Structure formats: structure tokens, C-alpha cells
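Please read the structure below before turning to the comments.
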Amino acid sequence: MCCNFNKVTIGGKAMEDEILHIEKSINCLNSIGGFLSSGNEYKANTMSITWGSVGYMWKKKIFSVVISDIRYTKEFIDKGNTFTISIPYGRSFDKAIDLCGHNSGRDVNKEELTGIKFISGKVVESPVVDGCNMYYECKVILKQKVYVNSVNPELNLDEEENGYTMYFGEIVAQYLRE
């Protein structure tokens with residue numbers, strides 16, 4: 001495990017101008033999954049994700065995500081313009097990730113259903129999921145409608161029913177579990 005040390009960067013005031021644990025985080029996200037959360041201390045939602053793109057654009061550290069327009073979490077991102085990514089480096093969250101991917105926060109309280117606990121982020125209003133190993137807190141700096149049929153015409157999706165939005169989130173804080 002790589003969680004024996006704790007580096008934090010907040011608001012671009014990093015000791016190093018790098019994205020922490022990028023390779024391990026993306027590998028875990030793709031193979032295990034993680035949580036994308038948005039909201040505030042009064043009301044928040046999380047969804048499971050197994051994808052994302054991390055890198056540099058416009059001289060900023062960016063975490064990009066594509067979210068279906070019907071997702072409940074999207075409403076929180078659009079309202080608050082922040083989101084967090086919480087990534088476990090082991091399999092202890094498998095059931096919670098699965099349940100968050102198959103249940104809408106419109107219908108169930110995901111904290112009660114899965115046993116996860118939201119805790120306050122260090123910078124943004126959106127919470128993180130307690131007990132994960134790596135956290136990225138993001139402020140939305142750009143959002144763009146994505147037309148999936150343009151990317152893959154074989155899907156032949158009804159764009160009104162199957163729309164997506166891509167969010168470019170500036171990573172304003174990143175840290176390992178303390």
C-alpha cells in the first residue's frame with residue numbers, strides 16, 4: 001500500500017506541481033472503481049465510476065468525467081460546480097461501488113444503503129467518501145455537451161434520451177488518506 005505518507009496540495013500551492021498517484025489512481029479506478037460525489041453538508045449524492053481522465057490543460061491539473069444527463073449526481077454538480085473523486089486502493093468498497101452504480105439517490109439514501117460515510121472535503125463544498133485512499137477535489141471550470149453518436153455512430157443512440165455532459169474539473173486539492 002502506498003498510503004504510508006500524506007502529501008497535500010491545495011489551491012495550486014503544492015510543494016510539487018504534480019498530480020499525485022495518477023497511474024495507481026487511474027488503474028484502481030478502471031479495475032476496482034471509485035466514487036464521484038457532489039453536494040454539500042446538507043445534501044449530497046455519490047455515484048460509482050470506473051473511468052475518468054486526469055492530466056494537464058490550460059496550465060491546470062484537470063480531472064475530466066463524462067456523466068449521463070439522467071444521473072442524479074449531475075444535478076448537484078450543475079448546482080454547486082464542484083465534485084470529488086474518492087478512490088479505494090483495495091476491494092473493501094466493492095459492494096458499495098456496485099450498489100451506488102445500480103441505485104439512484106433520488107430513490108434511496110446511499111449512505112444508509114451502502115454504509116459509506118460522507119466527510120467534508122478540505123477545499124470544495126462537495127464531500128468525499130470516508131475510508132478511501134486517494135482523493136481529488138475539483139472545481140468545474142468547463143462543461144460541454146457530448147454527442148456520443150459523433151464518437152461512435154454504431155451506437156445509434158437517441159441523443160435526447162442518452163445525452164452526456166463532460167466536466168473538466170480543476171484539481172484544487174489532492175491527498176492520500178491520513
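Readers should treat all values here as calculations from the given coordinates under stated rules, not as data from a laboratory. Note that the structure is predicted; figures quoted are calculated from it, not measured. Positions of Cβ are backbone-derived with ideal geometry, glycine not excepted, and every protein chain shown enters the neighbour counts.
Scanning the range 75-131 for residues that are polar (S, T, N, Q) and either more than 15 Å from the chain's Cα centre (by Cα) or crowded, with 20+ Cβ neighbours inside 10 Å (or both) yields THR82, THR84, SER86, SER92, ASN103, SER104, ASN109, THR114, SER126. The set of residues in the range 141-167 that are assigned to a strand (DSSP E or B), touching a helix residue (DSSP H, G or I) at 6+ places or on another chain (Cβ under 7 Å) and more than 25 Å from TYR89 (Cα to Cα) comprises TYR164, THR165. Checking each residue in the range 56-65 for being surrounded by fewer than 16 Cβ atoms within 10 Å (Cβ to Cβ) and at negative phi picks out TYR56, MET57, LYS60.
Only strands (runs of 3 or more DSSP E) whose full extent lies in the range 39-123 are considered here, and the ones with at least 1 residues that are in contact (Cβ under 8 Å) with a residue 12 or more places away in the chain and within 16 Å of VAL140 (Cα to Cα) are 53-57, 60-68, 82-87. Condition check: surrounded by 16 or more Cβ atoms within 10 Å (Cβ to Cβ), at negative phi and not hydrophobic (A, V, I, L, M, F, W, C). Does GLU137 satisfy that? It is true that GLU137 is surrounded by 16 or more Cβ atoms within 10 Å (Cβ to Cβ), at negative phi and not hydrophobic (A, V, I, L, M, F, W, C).
When PHE118, PHE76, PHE83 are screened for being within 13 Å of LEU36 (Cα to Cα) and in contact with an Asp or Glu (Cβ under 7 Å, 6 or more places away or on another chain), only PHE118 passes. Taken together, SER64, SER48 contain a single residue that is in contact with a Cys (Cβ under 6 Å, 6 or more places away or on another chain) and hydroxyl-bearing (Ser, Thr, Tyr), which is SER48. Determine whether GLU170 is surrounded by 13 or more Cβ atoms within 10 Å (Cβ to Cβ), outside any strand (DSSP E or B) and either under 15 Å from the mean Cα position of the chain (by Cα) or among the hydroxyl-bearing types (Ser, Thr, Tyr) (or both). Answer is no for this residue.
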